[in-house]
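Working notes, structure below.
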Amino acid sequence: MNWEELFCVEMAPMPAVVVIFGATGDLAQRKLFPALRNLHDRKLFNEQSTIIACGRREYSDESFRTLLGGDSDFLQHVHYCRGDNSEDDIYLKLAAMLKAAADKSTDYPCNTLFYLALSSPDMLIVCRKLAEHGLLQESVADPAWKHVIFEKPFGRDLATAAGLNDKLHELLKEEQIYRIDHYLGKETVQNILMLRFANMIFEPLWRAEYIEKVEITVAEELGVERRGNYYDHSGALRDMFQNHMLQLLALTAMEVPSSFDADAVRDEKTKLLRSIRPFDRRTLDQYWVRGQYADYCREPDVAPDSKTETYVAAKLFIDNWRWRDVPFFLRSGKRLGRKKSEIAITFKSIPHSIFPNIAAGDLPGNVLVLQIFPQEGMKLALQAKKPGAKLCIGTMQLEFDYSSLGKNPADDAYERLLLDALLGDPSLFIRSDFILESWKLLSPVLSTWESSDEKPILYAPGSNGPAAADKLTAPAAWRQLELD
Ligand code: BG6
């Protein structure tokens, strides 16, 4: 086996009991159970493991398994525990089921992973109850761990996130808390660190001397669908910026960590957030634009006079040696022309042209695009000789597409994250300090928008978002949303 193959072998986790709260909900049904099933089919779900699905609805093991559908090999691991999250009854039942599952496992230790696919207030209620019933308690005599995965949103501003953190820290050690951001589970997002730190050719150029600008786009075609109730109290800043967008930014711009160790990487990500130039409420309009797609207020469960933004664009700067004065443009929105996620790094033009009649500025700077969706891969635009006349220079693309490897990584984010959680590896989960820094950074924006009577700028569904966002990148334009 050569070294490449050696590192490509997934480690299989020890036995565990996976307890899913919110098991009948959308996330569990669409993402979590399919991800666990895939792990099982890939032999990455220990045969001695058990899944306990907790929910309020009336199901037996059998009828819940029928709901999940599919082959019985995976389903035999699944059991259903019915009850109300706020009543003791479900925790008593759960305790007995946990004990039975652990006793059944002859391999040792048998870990416990709780997945709280619930709203923020419910997450806290469940955690308190789990703690009251001694279900979160780890013991020095027993190497088995107990970890809890928290879905986003983690808080809705600095005060609530800090409050939630404090309350959780009364019940759990930080090492037991796994805050999820599914973007970190995407192959293409993990690739950012590999590209930057497993190659020599990019890192020396990854700085203000050579980079003109960085543009991060997460554009969606869909609107709020059936999530109006959640989304109208959240908006794009909370739903996409505080988490996914800032994670992408941190991975792109952070310094080299001392190792690939979870805390070493997370230290650098948090440090990067601390280096972002704080936003000043008085000049916010020069750096931030918020929009709302026309008809948003007619979506189900959305207030008819809602001021919630469905689009956000921002220009920000990172005040450190590496990024001095390099603009970072970030935008994310719903009901845009196309679903497309990418990070585009535009390099500066050459300082001097030797080619007759071609000025240095006539030659576009190289652009490295890290493609997250729908293409998954990367491409680098270079100026090169085109066949033909002697001075014929044009832009050529060097491209790598993950689909050429015969594997589509698109659906793997939850699978990766669940496997890591089962292995007790927190590197792709968010640490408390990152959460707090992210909310702190966005506080002036949140409070200004919330206290303003102005509505976000309306934009046509299927468009590129509000034209007002063009002022951020002017005189240049945003990258097109069309696929290239
Ligand atoms: C979720 C947001 O975290 O990410 C959704 O709550 C959004 O509003 C989704 O649609 C986008 O994820 P992806 O993987 O489809 O880009």
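The values are calculated or read from the model by the stated rules, or taken from the named source; none is laboratory data. In this text the structure is predicted, and so the values were computed from the model without any measurement. Don't worry about glycine lacking a Cβ; one is built from the backbone with ideal geometry, like all the others, and counts go over all protein chains shown. In case anyone asks, the SASA skips ligands and DNA or RNA and just uses the protein heavy atoms, side chains included. Shrake-Rupley method; radii C 1.70, N 1.55, O 1.52, S 1.80 Å.
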Relative contact order of the chain (C-alpha contacts under 8 Å, at least 6 apart) in percent is 17
A 1.4 Å probe over the protein heavy atoms gives the chain a carbon and sulfur accessible-area percentage of 54
Given backbone amide H placed at 1.01 Å from N, residues whose amide H is under 5 Å from that of Lys307, ignoring those fewer than 5 places away on the same chain, are none
Rounded to 0.05, the calculated FRET efficiency for the beta carbons of Asp280 and Gln137 at R₀ = 56 Å is 0.75
Links exceeding 23 Å between C-alpha atoms in this model, out of Lys43/Lys186; Lys167/Lys334; Lys307/Lys334; Lys213/Lys390, come to Lys167/Lys334; Lys213/Lys390
In the range 153-247, the GluC sites (Glu not before Pro) that sit in a DSSP loop and have at most 13 other Cβ atoms within 10 Å of their own Cβ are Glu209, Glu225
For Val9 and Ala460, extending 7 Å from Cα along the Cα-Cβ vector and measuring point to point gives, in nm, a value of 5.8
Taking a straight Cα-to-Cα line shorter than 23 Å from Lys93, and setting aside same-chain lysines fewer than 8 residues away, one finds Lys104, Lys129, Lys146
In Å², rounded to a whole number, the accessible area per residue of the chain with probe 1.4 Å is 46
From highest to lowest solvent-accessible area (probe 1.4 Å; ligands, DNA and RNA excluded), Lys315, Lys167, Lys440 read Lys440, Lys167, Lys315
Sorted list, accessible surface of protein heavy atoms, 1.4 Å probe, largest first, for Ile180, Ile125 is Ile125, Ile180
Non-local residues with an amide H under 5 Å from the amide H of Asp181, with H modelled 1.01 Å from N and Pro and chain starts lacking one, are Ile430
As straight-line cross-link partners of Lys379, the qualifying aspartates and glutamates (C-alpha separation under 20 Å, not fewer than 8 residues apart within one chain) are Glu187, Glu203, Glu212, Glu215, Glu342, Glu399, Asp401, Glu482, Asp484
Expected vector for the range 45-55, Karplus 3J(HN,Hα) from phi with 6.51, -1.76, 1.60 and θ = phi - 60°, integer Hz, x for Gly and Pro, equals 10, 3, 4, 8, 7, 10, 10, 10, 9, 9, x
Extension length gain for Asn229 and Ser63 (0.36 nm per residue less Cα distance), in nm, is 56.8 nm
Summing -39500 (n - 2.57) over every DSSP H run of at least 4 in the chain, dividing by its residue total and rounding to the nearest 500, the 222 nm mean residue ellipticity is -9000 deg cm²/dmol
Here the gain from full extension of Lys104 to Asp84, 0.36 nm per residue of separation minus their alpha-carbon distance, amounts to 4.6 nm
